[in-house]
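Undergrad: The following block contains the structure, expressed as structure tokens.
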Amino acid sequence: MIQKEDSAYLLSKSASTLVLRTTSFVADRGSLLHSGIYNREFSSILASFAFAGAAYFVLVMSFGKKAFFYAIFMVLFIVAFPLFRKFVFREPYLETVVDRQKETVVISLHRIWEKRLECLPLGGISGLRIDTKKSDVINRDGVEFVKRISAMHGTVIPGFGEETSFYSLKLTLADGTDKTVFAHSSIEDVLSVHDEIREFLKIQA
């Protein structure tokens, strides 16, 4: 099994099954202004604060102000944060399961619930392809503004505002279409997954 937590993918193999799970499956860096500022942890904190605050408000309106309500507020906030982070604001991931025994390739998107996107016959996979997409900086003034504000607070956002190349690993199908199973800015990671899948499927280079 190959596991790359920092590169957002997990690849496991058995004699008849290969499973690729990745949180990186869209060749896009997202919002240049909000990336690194409004993240899932921050969203979980806001949601936890709102939940605990609403509960505190209900208690105060029902029973009046009491000192131990502050303790209830803190307990609810502390308990709610990991729950929001794990179940509501968790990273969506794409799972590709190649099963030689069943002769299928199943691609599913996992958010709060699982959504099966494709179930393909294994014989319909004709090859693998890597596409390249370059992400340009559009709002340079906005990027410079965020950098100045971050510098004032002693914060550095690695890679923020830089041009980035993304590499998409795609299964090519016999009918001429393709399915993206992994996308990342690291060509080494994409090539690593590419070689593992190619070896498992016994696809000629």
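Undergrad: May I ask you to order 63-72, 80-89 by the average number of other C-beta atoms within 10 Å around their residues, highest value first?
TA: My ranking of the peptides, most packed first, is 80-89, 63-72.
Undergrad: Provide 12, 44 in ascending order of the number of other Cβ atoms located within 10 Å of each residue's Cβ, fewest first.
TA: 12, 44
Undergrad: Assuming R0 = 30 Å, can you tell me the calculated FRET efficiency for the pair residue 17 and residue 68, based on Cβ-Cβ distance, to the nearest 0.05?
TA: 0.05
Undergrad: Can you pull the one-decimal nm distance between simple spin-label points at residue 179 and residue 196, each 7 Å off the Cα toward Cβ?
TA: Result: 1.8 nm between the two label points.
Undergrad: Can I ask one more? Multiply the residue gap between residue 58 and residue 78 by 0.36 nm, knock off their C-alpha separation, and tell me the result in nm, one decimal place.
TA: 5.4 nm
Only the coordinates and a few stated rules stand behind these numbers; no lab work does. Everything numeric here is computed off the predicted structure, so don't read it as measured data. For neighbour counting, all protein chains shown are included, and Cβ atoms are generated from backbone atoms with ideal geometry for every residue, glycine included.
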